[in-house]
Amino acid sequence: MAHPPRQQRADAVRNRSRIMAAAHDQITEHGPDVGMGAIAAAAGVAVGTLYRNFPTKADLVHAVVTEHAEAMVIDVEQTVTRVLAGAPVLAEIRGVMSRFVETSAESHAVKAAAGALGAADYGPLEKRAWVAVDKLVTAGKGAGVLRPDAKTEDLMLLITTAPSDVPREARTRWLSLFLDGLTTGTKSTKD
């Protein structure tokens, strides 16, 4: 007879949550090469507690990057929802792409998450991202604000390769040049 899965103790849940928050902060500030000891100290837990939750550093970094990739995908999906509800397509595309570029510049974890879309172990998230971005491209073409030859791959390229290690002015200029190259130069009635 199978037993139902054991519920985690409240302190174990809190510890894991603190570890994830500390890992996020440490990876954001120092990149994925930050030491496990530094993460444990920032979380206020013993190194053994950290390793009980994440047996390897790769497991911890994967969990943090997955969390960021999930947030990125949710942002695109919410953007699609707004567009389908009548929000200006081009403004929404510019907004979500600008958030990706700026967030990846501020966070090494987000940059890793953007780059990870395409790695084999991020398949379900990548598929969701492609579906959502495809809907944005389709809506942009339908509204006449994206060029007829614009492709989903174009926006996915922006997401995965946006320059994040340059000053804000350069990032803003690059994003504008990239997106202007995909647009028709006309405004739809929704933009």
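The values are calculated or read from the model by the stated rules, or taken from the named source; none is laboratory data. What you see is a predicted model, and the numbers here were worked out from it, not measured in a lab. Every residue, glycine among them, receives a Cβ derived from its backbone with ideal geometry; neighbour counts consider all protein chains shown. Remember, those area values only see protein heavy atoms, side chains included, never the ligands or the DNA or RNA. Shrake-Rupley method; radii C 1.70, N 1.55, O 1.52, S 1.80 Å.
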inquiry  = Keeping all protein chains in place and using 1.4 angstrom, which order do THR184, THR138, THR79 fall into by accessible surface area, from largest down?
reply    = THR138, THR184, THR79
task = Extending each Cα 7 Å along its Cβ direction at ASP165 and GLU67, get the distance between those two points in nm, one decimal.
result = 2.5
task = Please work out how much length the chain gains when fully extended from LEU84 to GLU29, using 0.36 nm per residue of separation minus the C-alpha to C-alpha distance, in nm with one decimal.
result = 16.2 nm
ask   = Points 7 angstrom from Cα along the Cβ direction at ARG173 and LYS127: gap in nanometres?
value = 4.2
